[in-house]
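Chemist: The structure is given below, and queries will be raised subsequently.
The values are calculated or read from the model by the stated rules, or taken from the named source; none is laboratory data. Nothing here was measured: the structure is a model prediction, and the numbers come from that model. Quick reminder, even Gly has a Cβ in these numbers, built from the backbone with ideal geometry, and neighbours come from all protein chains shown. Accessible surface is based on the protein model in full, side chains and every heavy atom, while ligands, DNA and RNA are left aside. Shrake-Rupley method; radii C 1.70, N 1.55, O 1.52, S 1.80 Å.
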Amino acid sequence: MAATIMILYVSKLNKIIHFPDFDKKIPVKLFPLPLLYVGNHITGLSSTSKLSLPMFTVLRKFTIPLTLLLETVILGKQYSLSITVSVFSIILGAFIAAGSDLAFNLEGYIFVFLNDIFTAANGVYTKQKMDPKELGKYGVLFYNACFMIIPTLVISVSTGDFQQATEFNQWKNVLFIIQFLLSCFLGFLLMYSTVLCSYYNSALTTAVVGAIKNVSVAYIGMLVGGDYIFSVLNFVGLNICMAGGLRYSFLTLRSQSKLKQPVDEESIPLDLKRRGVR
């Protein structure tokens with residue numbers, strides 16, 4: 001969060017990007033994104049610790065249909081039958097892939113379904129708040145980090161995580177510090193790329209891309225690492241999941257090739273905008 005604030009603020013000062021200055025309307029415009037952001041993190045960490053990786057991966061796929069539903073309700077978007085079928089084929093493939101691991105953990109299931117809801121809602125509301133005439137994508141990233149950095153710090157102090165971090169014995173290790181700062185910068189790039197994907201495409205596309213990424217990692221894990229245990233159900237499920245994702249990508253790209261891409265108004269210098277108005 002600190003890296004996000006510093007990078008975006010310095011970029012704004014140097015007129016590389018633009019987002020609105022703070023005023024009393026900003027919290028109202030941003031709500032409920034900060035709450036969804038924190039809820040997403042807490043439920044995500046809690047569910048990861050209580051479920052096996054295959055089951056966690058399967059249940060996280062419910063983010064996709066929830067995103068589709070919320071985009072229809074909140075943003076008024078309509079999706080074709082072909083896209084809907086490809087979305088549900090991803091979920092079917094995930095269930096088949098993890099069919100041999102159906103251990104039941106009620107607390108874990110509750111947390112992961114809450115995580116799905118928070119993730120889907122966060123993606124859809126982020127898309128809604130990114131209107132260049134309002135906060136824009138840079139404003140959403142900047143003010144979301146600003147509003148949540150102090151509450152997150154308070155939570156980490158109350159749970160003892162902050163004390164453990166300050167007592168970590170590698171803070172004098174230059175190599176560790178470089179890697180830590182690099183991870184913060186890459187964390188910002190991850191958030192920015194996610195927001196950028198939603199800006200140019202949709203929250204649903206971002207969710208599907210995440211699913212395809214997970215399946216791609218599974219394919220790589222079959223060849224590298226040596227810990228993949230082959231089973232027919234798992235392999236068939238992964239292929240169905242990937243086929244659904246590729247089909248969705250094809251349909252989305254075909255439909256968007258007919259549409260005009262949005263102009264990135266936030267990256268246009270203010271003096272050029274004024275000239276355009278004149």
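Chemist: Calculate one ³J(HN,Hα) per residue across region 163-175 by plugging θ = phi - 60° into the Karplus curve 6.51 cos²θ - 1.76 cosθ + 1.60, and present them in order as whole Hz with x for glycine and proline.
Modeler: 5, 4, 5, 5, 8, 4, 8, 10, 5, 9, 8, 4, 4
Chemist: Still on this structure, please answer the following. From the square roots a ≥ b ≥ c of the eigenvalues of the alpha-carbon gyration tensor of region 1-157, which class results: rounded (a/c under 1.5), prolate (a/b over b/c), or oblate?
Modeler: It comes out oblate by the Cα gyration axes.
Chemist: Apply 1/(1 + (r/R0)^6) to the Cβ-Cβ distance of residue 72 and residue 29, taking R0 = 22 Å, and write down the FRET efficiency to the nearest 0.05.
Modeler: 0.45
Chemist: Kindly state, to the nearest 0.05, the FRET efficiency for residue 82 paired with residue 235, given R0 = 30 Å and r defined as their beta-carbon distance.
Modeler: So the FRET efficiency works out to roughly 0.75.
Chemist: Next question, about the same structure. If the limit is 21 Å between Cα atoms, which of 61/129; 12/213; 25/77; 24/133; 24/137; 15/133 go over it?
Modeler: Those over the limit are 61/129; 12/213; 25/77.
Chemist: Among 162-172, 138-148, what's the highest-first ranking by average C-beta atoms within 10 angstrom per residue?
Modeler: 138-148, 162-172
Chemist: Measuring with a 1.4 Å probe in the full set of protein chains, what accessible area per residue, in whole Å², belongs to region 80-212?
Modeler: 53 Å²
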